[in-house]
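What follows is a short report on a single structure.
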Amino acid sequence: MKYRIAAYISGSGSNLKAILDYSLQKKISSEVVVVIANKDAKGLEYPASLGIETAVIPRKEMPRKEFVEKQIGLLEKHKVDLIVLAGYIKKLPKEITDKFKNRIINIHPALLPKFGGKGMYGMNVHRAVIEAKEKYSGPTIHFVDDIYDNGEILLQKKVEISENDTPESLQKKVLELEHIVYPEAIKLLEERRVN
Ligand code: GRF
C-alpha cells in the first residue's frame, strides 16, 4: 500500500525531513502530499522547497469550526490516507481522529506507556527519564486516538542510557534513532507487517 501522507509539524521538522528523504530515495513508496503546521514552523521550508503544499493553521486565530474545516479541506483536496504527526504539539480535533481512525501515527521520544501523556513533550520527557534513572529510552511510534499518547504501539526501538547521559545528550541519541524508526514504521504499514 502506497500512502498519501499529510504531515503535521510544529518545530524544526527533522523527522519530516527524514521521511521526505526516504520517499525521495524510494526507500518507502508513500508520498508526503501536504504539510500542516500550527505556526510558522522552520520545518515548513524543506517541503516547500520540494514543491509540496504547506499550510499554517493556527488554532487561536480562528473559530474552532474554521480550524477544523481548513484541515479537512486540505486532507480531502490531497486525498490523504495517512496522517503522520511529526512533532505537532496540538491535539488533533475529534472530527479528524474519527475520520482517520487507525490512519494517524505519532512519534514519541520515550518508551510508551511510560513517560507519556499531557505535558510530556520535548525536554520534559528526557528530563523525566533521566530523573527516573531508567536504563533504556527510545522512540515509540503509535496510532493516535483522541487521548494523548494512548493508541496502539506500532514500533519501538531501545537505546541504552549511560551514567553520563544528560537530558540533552539523551534527546540527541533518541532523535537520531527517530529519523530511522519513523520511516521504518511507514514501511511496515505499507507492507502491513505491523507488530
Ligand atoms: C521529536 O522529539 C518527536 O519525538 C517529538 O517532537 C520532536 C520533533 O522533532 N514528538 P522534529 O521537529 O522532527 O525535529
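Condition first: within 14 Å of the ligand (Cβ to nearest atom) and either surrounded by 16 or more Cβ atoms within 10 Å (Cβ to Cβ) or part of a strand (DSSP E or B) (or both). Now tell me which residues in the stretch 88-98 satisfy that.
Of all residues in the stretch 88-98, those within 14 Å of the ligand (Cβ to nearest atom) come to 88-92.
Tyr88, Leu92, listed by residue number.
Report yes if Ile19 is of a type in the set (A, V, I, L, M, F, W, C) and away from the ligand (no atom under 12 Å from the Cβ), otherwise no.
In short, no.
In the stretch 1-21, what residues are surrounded by 20 or more Cβ atoms within 10 Å (Cβ to Cβ) and over 14 Å from the mean Cα position of the chain (by Cα)?
Tyr3
Go over the candidates Ala48, Ala55 one by one and state the one that is in contact with a Lys or Arg (Cβ under 8 Å, 6 or more places away or on another chain) and either part of a helix (DSSP H, G or I) or surrounded by fewer than 17 Cβ atoms within 10 Å (Cβ to Cβ) (or both).
Answer to the selection: Ala55.
What about Ile141, is it assigned to a strand (DSSP E or B) and within 14 Å of the ligand (Cβ to nearest atom)?
Criteria met by Ile141.
Please work out which residue is nearest to the ligand (Cβ to nearest atom), limiting yourself to the stretch 58-87 and to residues that are more than 23 Å from Val159 (Cβ to Cβ) and assigned to a loop (DSSP other than H, G, I, E, B).
Ranking the candidates gives Pro58 first.
None of the figures in this text is laboratory data; all of them are computed from the coordinates on show. The structure displayed is predicted, hence computed values, not measured ones. Glycine also receives a Cβ, built like all others from the backbone with ideal geometry; neighbour counts cover every protein chain displayed.
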